[in-house]
1. Output the number of the condition that R65 fails; it satisfies all remaining conditions of (1) modelled with pLDDT of 95 or more; (2) open to solvent by 70 Å² or more (accessible area, probe 1.4 Å); (3) out of contact with any helix residue (DSSP H, G or I) (no Cβ under 7 Å at 6 or more places or on another chain).
2. Report yes if T78 is part of a loop (DSSP other than H, G, I, E, B) and either open to solvent by less than 60 Å² (accessible area, probe 1.4 Å) or out of contact with any Gly (no Cβ under 8 Å at 6 or more places or on another chain) (or both), otherwise no.
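The values are calculated or read from the model by the stated rules, or taken from the named source; none is laboratory data. Worth saying up front: this structure is predicted, and the values here are computed from it rather than measured. Here the Cβ is made from the backbone with ideal geometry for all residues, glycine too, and neighbour counts use every protein chain on show. The accessibility values were calculated without ligands, DNA or RNA, using every heavy atom of the protein model including side chains. Shrake-Rupley method; radii C 1.70, N 1.55, O 1.52, S 1.80 Å.
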Amino acid sequence: MKTIAALQAAVTAAPFDGEPSDAELDAIETEMPLILADVDLLDAEIMTIDRTPTELDERRIRRARRRVLAARRDLANTATAPAVA
C-alpha cells in the first residue's frame, strides 16, 4: 500500500491548533452585544415565517432592529474612539 504525503511544505508558519487566539476572543467579546442583538432579531423574524405577523410580532421585530442598530452604533463608536492613556 502506498502512503499519501504532502509534496509541499505547510503554507502557514505555525500549525493550526483549532483554538482562537486571545485577540480573536477579545474581538468576539467586544462584538457580543451586536451578536446577541442579531440573534434576537433573527428569532423575532423566524417566529413570523409561517404566519401573518401580529401587531405584537411587528413591535418585537421593530424593537429588535433598533437594538441591532444601537449595538452597531456603539460598536462603531467604540472602534473609532481615541485611546485614553
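1. (3)
2. Answer is no for this residue.
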